[in-house]
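J.: Got a structure for you, written out below as structure tokens; questions coming shortly.
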Amino acid sequence: MLEIKNLYVKAGNHEILKGVHLKVNAGEVHSIMGPNGSGKSTLAQVLAGRETYEVTRGEVLYEGKNLLEMAPEERACEGVFMAFQYPVEIPGVSSAQFLKAALNAIRRARGLEELDAMEFLALVKQKFKVLGVDEKLLHRSVNEGFSGGEKKRNEIFQMALLEPRLCILDETDSGLDIDALKIVASGVNGLRSPGRAILVITHYQRLLNYIIPDYVHVLVEGRIVRSGGKELALELEEKGYALIEGGAGAAAPGRR
Amino acid sequence: MSTSTNAIEALVNREYKWGFVTEIEQDVAPPGLNEDTIRLISSKKNEPEWLLEWRLKAYRHWLTIKEPTWHNVHYPPIDYQGISYYAAPKKKELQSLDEVDPELLRTYEKLGIPLEEQKMLTGVAVDAVFDSVSVATTFKEKLAELGIIFCSFSEAAQEHQELVRKYLGSVVPYTDNFFATLNSAVFTDGSFCYIPKGVRCPMELSTYFRINAASTGQFERTLIVAEPGSHVSYLEGCTAPMRDENQLHAAVVELIAHDDARIKYSTIQNWYPGDKDGKGGIYNFVTKRGKCLGRNSHISWTQVETGSAITWKYPSCMLIGDNSVGEFYSVALTNNYQQADTGTKMIHVGKNTRSTIVSKGISAGHGQNTYRGGVKILKNATGARNYTQCDSLLIGDKCGAHTFPYIEVKNSTARMEHEASTSKIGDDQIFYCNQRGITKEDAVNLIVNGFCKEVFRELPMEFAVEAQKLLSVSLEGSVG
Ligand SMILES: Nc1ncnc2c1ncn2[C@@H]1O[C@H](COP(=O)(O)OP(=O)(O)O)[C@@H](O)[C@H]1O
Ligand SMILES: [Mg+2]
């Protein structure tokens, strides 16, 4: 589904990603772990099409197509979804309007009919129930005045609504208390399916107790320095990133 | 790299869809302004002697005053002798709509304003003003059954002399300001509405102004009188062809609301704004004022200003009757090199008078948007209240927003609230929308419409939709 080959990315004069390799198949859940500043969000944003980052080398294939050539909204329409580490507030725009615009844009791209207000509401209410989201959210401006936890939950809710094929979660766990974490995790687990791949980016191992990944990759200073199964997360938790970094030179690139 | 401007950069060709010219034989006065010009206009319109005298007084006063310079708009000097003050489609006396030149009907059809009554939006009566004359007024008879007068100003000046004479200049005197004085001397047409006591006008009244002829000015005058207990909702729309030269539009609108009367006045102003380099466009210098004369009277201005190279207007309310209410809801958008200096004045004279001001300024491209608002609470206005909210939205980093609130309070019981904000459409907001499948243009429209919603909901239904569309067209190309 997703293949990242030798990806180099910079922002301004700062080189952030220095040769990332990663292959993700449909149906798999991968976790990318790494210390602050290692380039996790950069990777997520580049996959989503953020223009502030410049890809200087390498390529990214998504379902066989050159992902880097697509505009961000095209990627979204093709099924790429990123849950933002810092969801953006859009004052004045109600969540209902926003979600309806997003859903219909994506439906159009998939050749489905647009939903009218009634159909949209029915669908939204059904998804709300699953994630325990308050219906009042619809009338509030997008993310405006939301608590940290509400914002993160809203991201997962949007993901459930838009039914992407590639889900990228950028530190969705940070700032969540344990109850919220469980809700988010069950929302994500509910989306696991053979046709869908999920990339869980996190700094802590905690989330991975609830969303159990098939593979774990460790990103340090812009490179994937180790890859392994879910036990790698526990090892990291124990030893910390420093030790892993020590072995960085010898580590195989995160290929499978 | 800055987070704010990358995606929302330069402004490219924005299309103005109303820029065509109607090929029609016109009767155009030679350029120039003197007493003979005024006599010519007055005689073309078969006006009574007193009206000519009034015009001449205005003209003589105009000669003694200077164009104002306090506003925050910049333009080369206007050559008042280079303008033609009268242009009209050649025609015979019209008895009915069937006699209107088909070319004119087609023009309005193209503009989305069919004048044949059976085709009209039900519930909207239209007066169509083409350059200096009113070409058609629809639903007149139906309204007349209720005693409502809705006709062109020229017709009113002949047929309803007593009313016109009583109210003309009673809100905006001919000495009011440079542009209003000029208008008083040379105004050509406009609409007149009179709603008798206790009558609620059953349909929207609407005037559609169209500038067509080159090198002409448009100087229309609208007068609306609402007798005690009556209600009326009135809407005006405006467009003009695309021309490289600037054209002057200086209108005056006077509203009078008696006891318990209610006037709702909505404007969708879409005069040609000039091209993307700032060439051409209408100079829109307008004086609009309402007098809440009676107790519990209510005047509400709603405006969506997307057109014109320069907009200079301050629809205002004089709250004279006790418990009277004045409202001003405004969206002003400037893109490319447009400039707008707009706002309102609320003058509280009576007791327990209330006013609400909601101003939304949107600047894109090199657009400059100034809000200028005055709230005056006079000595006897015990219990007066004002609420002002003034928000600016910036798109890109070459545009500007400016706010000048003036407040004068002479009664200590007054309660004033003022809120202001400036925000910018950020790249991160656009990207967030993109990531959810929404294109840049749609994202900007979504954000802009959200920003304007408090104003849009004041517009009559049919026009709220139109206003949204207009805004999105006006912003076309404002995102890179
Ligand atoms: N737009 C940017 N411009 C300059 N430097 C950036 C930008 N975005 C991220 N960086 C830098 O790149 C490095 C990686 O950032 P990021 O991808 O956010 O890391 P992580 O998500 O792993 O904490 C950090 O040193 C950060 O300061
Ligand atoms: Mg991060």
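The values are calculated or read from the model by the stated rules, or taken from the named source; none is laboratory data. The structure presented is a predicted model; accordingly, all values stated were derived computationally and were not measured. Positions of Cβ are generated from backbone atoms using ideal geometry, with glycine treated the same way; all protein chains shown enter the neighbour counts. Side chains included, ligands, DNA and RNA excluded: accessible areas come from the protein's heavy atoms. Shrake-Rupley method; radii C 1.70, N 1.55, O 1.52, S 1.80 Å.
J.: Give me the helices (runs of 4 or more DSSP H) completely within the stretch A:113-215, filtered to those with at least 1 residues that are within 16 Å of ligand 2 (Cβ to nearest atom) and farther than 16 Å from A:SER31 by Cα, ordered by residue number. Even if it seems obvious, please write down each step before you answer.
T.: Values: elements: A:117-131, A:148-162, A:178-191.
The helices (runs of 4 or more DSSP H) meeting that bar are A:148-162.
J.: Turning to a different aspect of this structure: Here are A:GLU119, A:GLU113, A:GLU135: which of them is open to solvent by 70 Å² or more (accessible area, probe 1.4 Å), within 30 Å of A:ILE212 (Cα to Cα) and without any contact (Cβ under 8 Å) to a residue 12 or more places away in the chain?
T.: Step by step, each of A:GLU119, A:GLU113, A:GLU135 is checked, and only A:GLU135 is open to solvent by 70 Å² or more (accessible area, probe 1.4 Å), within 30 Å of A:ILE212 (Cα to Cα) and without any contact (Cβ under 8 Å) to a residue 12 or more places away in the chain.
Results for (1) acidic (Asp, Glu); (2) more than 24 Å from A:ALA109 (Cα to Cα); (3) not in a helix (DSSP H, G or I), shown as yes or no for each residue.
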position	(1), (2), (3)
B:SER392	no, yes, yes
B:SER412	no, yes, yes
B:HIS418	no, yes, yes
B:SER423	no, yes, yes
B:TYR432	no, no, no
B:PHE451	no, yes, no
B:GLU454	yes, yes, no
B:GLU466	yes, yes, no
B:SER472	no, no, no
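J.: Name the pairs: first residue in the stretch A:201-214 and away from every other protein chain (no Cβ under 14 Å) and more than 12 Å from A:LEU234 (Cα to Cα), second residue within 16 Å of ligand 2 (Cβ to nearest atom) and assigned to a helix (DSSP H, G or I), Cβ to Cβ under 8 Å, at least 6 apart or on different chains?
T.: Cβ pairs passing all conditions: A:ILE201/A:LYS40; A:ILE201/A:SER41; A:ILE201/A:LEU43; A:ILE201/A:ALA44; A:HIS203/A:LYS40.
J.: Kindly check whether there is at least one residue in the stretch B:342-352 that is without any contact (Cβ under 8 Å) to a residue 60 or more places away in the chain, part of a strand (DSSP E or B), under 18 Å from the mean Cα position of the chain (by Cα) and under 18 Å from B:GLN269 (Cβ atoms).
T.: Taking the stretch B:342-352 first, the residues without any contact (Cβ under 8 Å) to a residue 60 or more places away in the chain are B:342, B:344-347, B:349-352.
Then drop every residue that is not part of a strand (DSSP E or B), which leaves B:342, B:344-347.
Narrowing the set further to residues that are under 18 Å from the mean Cα position of the chain (by Cα) leaves B:342, B:344-346.
Then drop every residue that is not under 18 Å from B:GLN269 (Cβ atoms), which leaves B:342, B:344.
Yes, the stretch B:342-352 contains at least one residue that is without any contact (Cβ under 8 Å) to a residue 60 or more places away in the chain, part of a strand (DSSP E or B), under 18 Å from the mean Cα position of the chain (by Cα) and under 18 Å from B:GLN269 (Cβ atoms).
J.: Within the stretch A:227-240, does at least one residue satisfy the condition of being modelled with pLDDT of 90 or more, crowded, with 16+ Cβ neighbours inside 10 Å, within 15 Å of ligand 1 (Cβ to nearest atom) and within 23 Å of A:VAL9 (Cα to Cα)?
T.: no
J.: Determine, yes or no, whether A:TYR62 is aromatic (Phe, Trp, Tyr) and open to solvent by less than 40 Å² (accessible area, probe 1.4 Å). It would help to see each step written out before you state the result.
T.: Values: aromatic (Phe, Trp, Tyr): yes; open to solvent by less than 40 Å² (accessible area, probe 1.4 Å): yes.
When the stated conditions are applied, A:TYR62 passes them.
J.: Here's another thing I want to ask about it. Taking the stretch B:276-286 only, how many residues are open to solvent by 10 Å² or more (accessible area, probe 1.4 Å) and either farther than 23 Å from B:ASN335 by Cα or touching a strand residue (DSSP E or B) at 6+ places or on another chain (Cβ under 8 Å) (or both)?
T.: Of the stretch B:276-286, the ones open to solvent by 10 Å² or more (accessible area, probe 1.4 Å) are B:276-279, B:283.
Then drop every residue that is not either farther than 23 Å from B:ASN335 by Cα or touching a strand residue (DSSP E or B) at 6+ places or on another chain (Cβ under 8 Å) (or both), which leaves B:283.
Selection size over the stretch B:276-286: 1.
J.: Quick check on my filter: what residues within the stretch A:23-80 are away from chain B (no Cβ under 14 Å), in a helix (DSSP H, G or I) and within 24 Å of A:ARG226 (Cα to Cα)?
T.: Here is the first cut: in the stretch A:23-80, the residues away from chain B (no Cβ under 14 Å) are A:23-40, A:43, A:55-66, A:68-69.
Applying the additional criterion that residues be in a helix (DSSP H, G or I) yields A:40, A:43, A:68-69.
Those that are away from chain B (no Cβ under 14 Å), in a helix (DSSP H, G or I) and within 24 Å of A:ARG226 (Cα to Cα): A:LYS40, A:LEU43.
J.: A further question follows. Is it the case, given these coordinates, that A:VAL88 is at the interface with chain B (Cβ under 7 Å from one of its Cβ atoms), open to solvent by 10 Å² or more (accessible area, probe 1.4 Å) and closer than 19 Å to A:LYS151 by Cα? Step through it out loud before you land on a result.
T.: Details: at the interface with chain B (Cβ under 7 Å from one of its Cβ atoms): yes; open to solvent by 10 Å² or more (accessible area, probe 1.4 Å): yes; closer than 19 Å to A:LYS151 by Cα: yes.
Spelling it out, A:VAL88 is indeed at the interface with chain B (Cβ under 7 Å from one of its Cβ atoms), open to solvent by 10 Å² or more (accessible area, probe 1.4 Å) and closer than 19 Å to A:LYS151 by Cα.
J.: Considering the stretch B:193-219 alone, what residues qualify as being touching a helix residue (DSSP H, G or I) at 6+ places or on another chain (Cβ under 7 Å) and at pLDDT 95 or above?
T.: B:TYR194
J.: Taking the criterion of being crowded, with 22+ Cβ neighbours inside 10 Å, within 16 Å of ligand 1 (Cβ to nearest atom), more than 14 Å from chain B (Cβ to nearest Cβ) and farther than 24 Å from A:GLU73 by Cβ, would at least one residue in the stretch A:184-198 satisfy it?
T.: no
J.: Could you tell me which numbered condition B:VAL465 fails, if it satisfies all but one of (1) surrounded by fewer than 19 Cβ atoms within 10 Å (Cβ to Cβ); (2) farther than 30 Å from A:LEU67 by Cβ; (3) at pLDDT 85 or above?
T.: Only one criterion in (1) surrounded by fewer than 19 Cβ atoms within 10 Å (Cβ to Cβ); (2) farther than 30 Å from A:LEU67 by Cβ; (3) at pLDDT 85 or above is unmet by B:VAL465, namely (3).
J.: Is it true that some residue in the stretch A:151-160 is polar (S, T, N, Q) and either more than 16 Å from ligand 1 (Cβ to nearest atom) or open to solvent by 50 Å² or more (accessible area, probe 1.4 Å) (or both)? If you could, list the steps in order and put the result at the bottom.
T.: Step one: filter the stretch A:151-160 for residues polar (S, T, N, Q), giving A:154, A:158.
Next, from what is left, pick out any that are either more than 16 Å from ligand 1 (Cβ to nearest atom) or open to solvent by 50 Å² or more (accessible area, probe 1.4 Å) (or both): A:154, A:158.
For the stretch A:151-160, residues polar (S, T, N, Q) and either more than 16 Å from ligand 1 (Cβ to nearest atom) or open to solvent by 50 Å² or more (accessible area, probe 1.4 Å) (or both): present.
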